[in-house]
Structure formats: structure tokens, C-alpha cells
Amino acid sequence: MPAPAVPAMQEPVHVIGASGRSGRALCMALHQHGIAFVPLVRDLDRWRATGLPGQARRIKLTSTDGTLAAALRDARRIVSTAHARHVAAIVAAAPPEASLVCLGSTRIFTRWPDAHGRDVARGQQALLSSGRNGVMLHPTMIYGAQGENNIQRLLGLIRRLPVLPLPSGGRALVQPIFQGDVTRAIMAALAREWRGGHTLVIAGGQAVPYRALAALVARHAGLRPRPVVNVPAPLLMGLGRLMPPLPGLPRVTPAEIRRLGEDKAFDIAPMRAALGFTPLTPDEGLGKFLAALRAETQPART
């Protein structure tokens, strides 16, 4: 399948959350393709630290003082990589003719709704009921970005534990998406002319059991895969509440443990049809990500 289209436009893309992981990756891609962009950020110093070009505009999404509307005054295409809870404020502040691409989350589909998922649902409803042109992209677990901690935490557990205790023996399905594919999805969404509001799940190219994901992480990190031990989720959650954090081990919350027993697999045919590309499988994406990570951490040869 051909690579997704690159948006052709005269007006710059306004990127809300430009200094965050997905926002920074998008701005890098826009810059590489010669597409102008306007970074909208909460912290100007954090944006300057990225080293990317672009005159940033400072915003505060929770403010009602009109600064967001002022920052978006000349926007025609807006991307928000901020939390979906802010979509209603963005819709209200954006010019009527502007189209939007917003990041949501597949947490909206969990069997155990939480504040995060409910906020995503409210953001989705704000876009769909606004009459605006645009799309909310719901990514699965994102990995491969600078500073991400999903695969990094799993890697930390593999390095420090002789076995991996997982609910249901790690048989629940996961379908993580590589950060590069999230960026490609946003770029492809920018290249489309949306009529009205839409939603679209973006996920990796293959769903795999969590135990298989752990084995892939170990293999691509050059480690021996750890045996998986079936430990009921309530027991793991109880131990997590009772035991103090162990030195060197990443923190896993009870809510995260509970979701480890939930299948998170999605049909990516609508994504391929709408955005024009097939995302990487976990094997392909983890190979790229962990090879780069190993190269960064290996001492330079003299």
C-alpha cells in the first residue's frame, strides 16, 4: 500500500501540545516535509528545548481569558495532541472554518471506565456534536516516542524479575501502535477533507497476547525472555497496595493491572481505508524502537 499523503496547504498547521511526545514528533515530521506549523504550548521554555523551529504561542487550555481563541485566530487546520478533555474548549475557540484532528484514546472502549476514558468520551461528543469538520483518532498504547514509558516499564520488569507475573497468564490481546505510525496517521488525516465529525481507531498492524509482546521486547532488547506466571489480577492488585515500591522496579497501578486482563484488539481495516497505509506490527515496530534505544545507550567506541 502506498505511503500516506502529505498535506499540501499554504496555511500553517496549528499544533496544540507541540512540546509533548506526539506533538513534538508531528512537528518534526511537518518540518521535514517543509510544512509550516505554529506550536501552541503551555511552557515556552520546554518548547525551546526541543530545538525545533517555529514561533510558539503560549496557551492555557483550562483558561477562559480568550488567549486560546487569540492563538487560533488564523488557524485553518488544527491538530490537538493534548488530552481529549480539552476538545470542547478547542472547538469553542477555533475559527468556524477550521478543521480539526484530535487525539483521543482507545481507553474509551474499556470495560472498566475511569476518569481518563470518560474525559475522552466527552471530548469525542464535543467534536461530533459541534458540526465541525474533523476527526478524533483513538490510538491504542503508543510506544517508541522519546520519553515514553509503556515499553520502557515492561523492559524494566524484564530486566529485574526472573519471571513475569501476569493476569490470565498474559493471554489477553494487545495491539500497540508505533509512534511513527501515529505521526503518519495524523499527517494522513490532515491531507483529507473531512465533512462533519468522525472518529477512527488507529492501532498496530497485529494484535498479540501480552506474553508474546513481552517476549518480543526481550528479544529485541537482547535479553532472555522471562517465563510468565499466571497470577490473578485481584492478588496482584492487593500486593501492589500492600507492598512498598521495590527499588529499581517500575510502578504499576492497580487499574493498569486490571486492564492487563482485558483484550485490546481492533480492526484496522477502517484505518487503512481512510488513511492509506498499513501500520507496523509489534515485531516490526519494537525492532526499530529497541534497536535505536540500544544504539543510544551503548558506549561510543574510540
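The values are calculated or read from the model by the stated rules, or taken from the named source; none is laboratory data. All values reported here derive from a predicted model rather than from experimental measurement. Virtual Cβ from ideal backbone geometry, glycine too; neighbours counted across all protein chains shown. What goes into the accessible areas is simple: the full protein's heavy atoms, side chains included, and nothing from ligands, DNA or RNA. Shrake-Rupley method; radii C 1.70, N 1.55, O 1.52, S 1.80 Å.
With unit charges on the beta carbons (Lys and Arg positive, Asp and Glu negative) and the dipole taken about the Cα centre of region 154-200, which residue among Trp194, Gly180, Ser168 sits farthest to the positive side?
Ser168
So between Glu11 and Ala36, what do we pick up on full extension, going 0.36 nm a residue minus the alpha carbon distance?
Roughly 8.3 nm would be gained on extension.
Per-residue accessible area for Phe178 at 1.4 Å probe radius, Å² rounded to 10?
Counting only protein heavy atoms, the figure is 30 Å².
For the chain, give the percent of accessible area contributed by carbon and sulfur heavy atoms, probe 1.4 Å, rounded to a whole number.
Carbon and sulfur together cover 53 percent of it.
With axes computed from alpha carbons, what is the tilt in degrees of helix 233-242 against the longest principal axis of the chain, rounded to the nearest 10 within 0 to 90?
90
Which translational diffusion coefficient, to the nearest whole µm²/s, is obtained for the chain from the Stokes-Einstein equation, given a Kirkwood hydrodynamic radius over C-alpha pairs, 4 °C and 1.567 mPa s? Spell out each step's value before the answer.
Working: Rh = 20.4 Å.
D, rounded to a whole number, is 63 µm²/s.
Under the rule of -39500 (n - 2.57) per DSSP H run of 4 or more residues, summed and divided by the residues of the chain, what mean residue ellipticity at 222 nm is obtained, to the nearest 500 deg cm²/dmol? Walk me through the numbers on the way to the answer.
Working: 12 runs with 118 residues, N = 302.
Only helices count here, giving -11500 deg cm²/dmol.
Test of understanding: extend the Cα→C-beta vector of Arg76 to 7 Å, then name every residue of region 98-120 with backbone N under 15 Å from that spot.
Within reach of a label on Arg76, which here means backbone N under 15 Å from a point 7 Å along Cα→Cβ, region 98-120 contributes 98-100.
Taking amide hydrogens as modeled 1.01 Å from N in the peptide plane, which residues meet the under 5 Å criterion relative to Phe37, leaving out close sequence neighbours?
The list, which skips near neighbours in sequence, is Val13.
For region 1-139, what is the accessible area per residue in Å² when the probe is 1.4 Å? Could the numbers behind the result be given before it?
Working: 6650 Å² over 139 residues.
Per-residue value: 48 Å².
For Arg258, Arg48, Arg132, give me the order by solvent-accessible area with a 1.4 Å probe, most accessible first, ignoring ligands, DNA and RNA.
Listed by decreasing accessible area, they come as Arg48, Arg258, Arg132.
Once both labels are modelled 7 Å past Cα along the beta-carbon direction, what's the Ala255-Thr64 spacing in nm?
It is 2.6 nm.
Residue-wise, which Karplus ³J(HN,Hα) couplings in Hz belong to region 266-279, taking 6.51 cos²θ - 1.76 cosθ + 1.60, θ = phi - 60°, and x for glycine or proline?
With coefficients 6.51, -1.76 and 1.60, one gets 9, 6, 9, 4, x, 5, 4, 5, 7, 10, x, 8, 9, x Hz.
Compare the peptides 263-271, 122-130 by average per-residue count of other Cβ atoms within 10 angstrom and give them in order, highest first.
Result, highest mean Cβ count within 10 Å first: 122-130, 263-271.
Quick check: convex hull over the Cα atoms of region 48-172, volume per residue in Å³, rounded to an integer?
Convex hull of Cα atoms, per residue: 150 Å³.
If amide hydrogens are placed 1.01 Å from N in the peptide plane, which non-local residues have theirs closer than 5 Å to the one on Val201?
For Val201, the qualifying residues are His138.
Label-point separation (nm) for Gln55 and Leu239, each offset 7 Å from Cα along Cα-to-Cβ?
5.7
Specify the angular offset, from 0 to 90 degrees and rounded to the nearest 10, of the alpha carbon long axis of helix 282-297 from the longest principal axis of the alpha carbons in the chain.
Value to nearest ten degrees: 90.
Ala71: net charge of surrounding residues, Cβ under 15 Å, Lys/Arg +1, Asp/Glu -1, itself excluded?
Net of charged neighbours comes to +3.
Among Leu44, Pro12, Tyr210, whose Cα sits farthest toward the positive end of the charge dipole of the chain (+1 at Cβ of Lys/Arg, -1 at Cβ of Asp/Glu, about the Cα centre)?
Final value for the positive-end residue is Tyr210.
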